[in-house]
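Novice: Questions regarding the structure given below will be posed in turn.
The values are calculated or read from the model by the stated rules, or taken from the named source; none is laboratory data. This one's a predicted model, so the numbers in the text were calculated from it and none came from an experiment. When we count neighbours, we look across all protein chains shown, and the Cβ atoms used for this are built from the backbone with ideal geometry, even at glycine. Heads up: the accessible areas ignore ligands, DNA and RNA and are worked out on the full protein's heavy atoms, side chains in. Shrake-Rupley method; radii C 1.70, N 1.55, O 1.52, S 1.80 Å.
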Amino acid sequence: MVWTRPASVPFPSVWHTFRAKDVDSDQLVNYVVQDLPEDRFEEAINHMLGIFIHDEPMCHAKKLAEDPVSVQEIGEIWRELVKHRVALVCYREGSDEIAGLNMTFVSCKDDKKDYAPKGDRWQDVFDAVMYFSTKSNVFERYQVDEYLSAMGLSVMPKYRGRGLATEILRARIPLCKAVGLKLTSTVFTAIGSQIPAAKVGFEETFVMEYEELVKMNSRFEFPGIPGKYCKSMSLKID
């Protein structure tokens with residue numbers, strides 16, 4: 001099943017606005033979180049390939065960016081996911097520069113499970129995340145057939161320290177309400193995303209120390225990974 005955004009929900013739509021420090025001063029300015037427009041899909045994917053896979057703890061630990069097959073493969077996956085037209089982008093008001101991204105998509109209970117990664121490094125990361133997803137048992141735990149998930153939350157380095165990650169995650173709430181989703185759930189691998197998720201109200205669905213994760217499968221070893229825990233976190237949408 002391929003989830004389809006309701007035709008009644010305008011695309012792109014703005015989901016959240018907030019005030020935070022400007023990029024080069026302490027002055028408060030407006031920021032907007034909205035749907036990622038189709039004409040910026042490729043730019044957003046390039047951002048994720050240029051920044052996110054270097055920052056995300058599992059990808060960094062596996063040196064995924066040094067494996068061309070894995071890099072190409074994760075890029076192709078993002079190209080499929082953005083077709084759901086629910087990926088979120090954050091801009092500073094008056095600028096069209098991407099300040100932050102959340103590669104959100106809709107996960108459905110009857111999605112085909114026959115995907116097999118080709119790149120060894122991407123396979124290790126993907127399988128570890130899928131292990132968490134399976135243990136989270138989200139569909140049964142929350143009694144839903146679909147939910148808003150994500151594969152990557154990233155803030156441009158010069159915009160960090162302004163709370164953008166928290167506000168991008170907060171924008172999932174009105175987005176979910178508009179498109180009829182009752183839950184959003186994600187495997188958060190970094191403390192830099194786990195703390196913002198908790199601030200928004202996400203609850204811990206399944207948590208495991210990275211030291212314990214490797215005991216489940218030797219491929220789930222992520223050398224030098226910062227942070228102690230990997231967390232699946234979920235937020236019910238009323």
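Novice: Scan LEU88, LEU28, LEU36 and give me the residue that is in contact with a strand residue (DSSP E or B) (Cβ under 7 Å, 6 or more places away or on another chain) and open to solvent by 30 Å² or more (accessible area, probe 1.4 Å).
Specialist: LEU28
Novice: What's the total number of residues in region 5-22 that are in contact (Cβ under 8 Å) with a residue 12 or more places away in the chain and open to solvent by 30 Å² or more (accessible area, probe 1.4 Å)?
Specialist: Within region 5-22, residues that are in contact (Cβ under 8 Å) with a residue 12 or more places away in the chain and open to solvent by 30 Å² or more (accessible area, probe 1.4 Å) number 9.
Novice: Here is a further query. State all residues of region 39-61 that are under 19 Å from CYS230 (Cβ atoms) and open to solvent by less than 40 Å² (accessible area, probe 1.4 Å); if no residue qualifies, say none.
Specialist: PHE52, ILE53, GLU56, PRO57, MET58, CYS59, ALA61
Novice: Just one of GLU97, GLU93 is at pLDDT 95 or above and acidic (Asp, Glu); which is it?
Specialist: Just a single option satisfies the conditions, and that option is GLU97.
Novice: Six or more apart or on different chains, Cβ under 7 Å: which pairs go from a residue in region 129-144 that's under 13 Å from LYS109 (Cβ atoms) to one that's surrounded by fewer than 19 Cβ atoms within 10 Å (Cβ to Cβ)? Could you list them?
Specialist: So the pair list comes out as PHE139/LYS109; PHE139/ASP145; TYR142/LYS236; VAL144/LYS182.
Novice: Restricting the search to region 151-192, which residues are assigned to a helix (DSSP H, G or I), in contact with a helix residue (DSSP H, G or I) (Cβ under 6 Å, 6 or more places away or on another chain) and open to solvent by less than 40 Å² (accessible area, probe 1.4 Å)?
Specialist: Of everything in region 151-192, those that are assigned to a helix (DSSP H, G or I), in contact with a helix residue (DSSP H, G or I) (Cβ under 6 Å, 6 or more places away or on another chain) and open to solvent by less than 40 Å² (accessible area, probe 1.4 Å) turn out to be ALA165, THR166, LEU169.
Novice: Output the strands (runs of 3 or more DSSP E) that fall wholly within region 1-111 and possess 3 or more residues being over 30 Å from TYR142 (Cα atoms), or say none.
Specialist: Qualifying strands (runs of 3 or more DSSP E): 14-21, 28-35.
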